[in-house]
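Participant: To start, I am sharing the structure in question, which I have written as structure tokens.
The values are calculated or read from the model by the stated rules, or taken from the named source; none is laboratory data. Keep in mind it's a predicted model, so treat the numbers as computed, not measured. Cβ: placed from backbone, ideal geometry, glycine included. Neighbour counts: every protein chain shown. Accessible surface is based on the protein model in full, side chains and every heavy atom, while ligands, DNA and RNA are left aside. Shrake-Rupley method; radii C 1.70, N 1.55, O 1.52, S 1.80 Å.
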Amino acid sequence: MSNLVEGKNIVIMGVASERSIAWGVTTSLHKAGANLIFTYRQDRSYGKLTKLLEKHNIEAKWIVECDVASDESITNAFATIKDKVGVIHGVVHSVAFANRDELKGEYANTSREGFLLAHEISAFSLVAVTKAAKELMTEGGSIVTQTYLGAERVIQNYNIMGVAKASLEASVRYLAEDMGKYDIRVNAVSAGPIRTLSAKGVSGFNEKQGLIEEKAPLRRNVDQDQVGDATLFFMSELSRGVTGEVLHVDSGYHIIG
Ligand code: NDP
């Protein structure tokens with residue numbers, strides 16, 4: 001796997017800590033030879049990211065702020081990337097957000113603002129990012145987002161985020177159709193529960209991991225590296241015939257009734 005994405009310029013959005021799924025993706029893509037560009041939202045995330053890169057001896061090609069709640073921020077981020085890097089070959093979208101108090105109890109209690117916020121940050125952002133990234137993907141490319149089983153089934157407490165992920169997965173399909181003629185593929189990885197900063201916001205997280213150990217065919221939880229390697233597959237030529245797909249990296253849990 002040492003040169004699967006050799007020389008490709010890939011943008012990674014969503015490293016907030018060493019536990020972030022986007023950090024697992026970073027190490028997989030780095031080992032496979034990619035040139036990496038990062039976006040961050042909070043200054044705290046920027047601080048964590050630069051420390052991690054230093055610790056792991058990874059050199060970023062560029063790092064730029066991008067708050068997906070703002071069209072201007074997305075436009076500026078990709079304009080900067082175009083200016084500093086030129087052509088890009090991939091984007092890893094690993095961002096989501098919902099109000100913590102709506103990730104427990106009944107879904108019926110979701111507020112109008114909470115509903116819109118979760119969709120804006122977790123689903124619409126992929127649409128806006130795809131549009132901006134396409135302009136830099138003149139040699140074709142691959143876009144990958146991160147989703148969860150709560151899009152397909154009712155998972156207790158996942159609530160509004162499950163509905164936003166359903167919108168995200170449908171967007172993957174519509175975007176795949178739009179982007180295919182430009183030789184850009186759009187896919188999603190559906191990971192099992194992984195302990196990250198965001199996951200802590202969903203009530204009952206421990207029980208979800210326990211269920212995987214008990215019921216998933218592989219009887220063990222997945223980690224960031226496994227999601228990273230699946231994302232690498234989508235970024236590489238190995239997946240050149242695949243678009244509009246949702247690939248489960250969940251020890252097979254989704255097939256169990
Ligand atoms: P993290 O908390 O590590 O990452 C979430 C990222 O989203 C952070 O980097 C955060 O940036 C970013 N983000 C939130 N709001 C915005 C915004 N307005 N603009 C730009 N970035 C924003 O958690 P995960 O690694 O778990 O989450 C990554 C993705 O993986 C999410 O889509 C999540 O739903 C998905 N996923 C997670 C699973 C899990 O069990 N952990 C399972 C399946 C999917 P900042 O901190 O700087 O605000």
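Participant: Looking at segment 163-219, which of its residues are more than 13 Å from the ligand (Cβ to nearest atom), within 26 Å of Gly241 (Cβ to Cβ) and open to solvent by less than 30 Å² (accessible area, probe 1.4 Å)?
Facilitator: Of everything in segment 163-219, those that are more than 13 Å from the ligand (Cβ to nearest atom), within 26 Å of Gly241 (Cβ to Cβ) and open to solvent by less than 30 Å² (accessible area, probe 1.4 Å) turn out to be Leu175, Ala176, Met179, Ile184, Arg185, Val186, Asn187.
Participant: What pairs come out if I take residues in segment 138-158 that are outside any loop (DSSP other than H, G, I, E, B) and pair them with residues that are more than 14 Å from the ligand (Cβ to nearest atom) and of a type in the set (D, E, K, R) whose C-beta lies under 8 Å away, six or more apart or interchain?
Facilitator: These pairs meet every condition: Gly141/Asp183; Gly141/Arg185; Ser142/Arg185; Ile143/Arg185.
Participant: Inspect all residues belonging to segment 35-51 and state whether any of them is small (Gly, Ala, Ser) and more than 11 Å from the ligand (Cβ to nearest atom). Can you show your working first?
Facilitator: Quick first cut of segment 35-51, residues small (Gly, Ala, Ser) only: 45, 47.
Of the ones still in play, those that are also more than 11 Å from the ligand (Cβ to nearest atom) are none.
No: segment 35-51 contains no residue that is small (Gly, Ala, Ser) and more than 11 Å from the ligand (Cβ to nearest atom).
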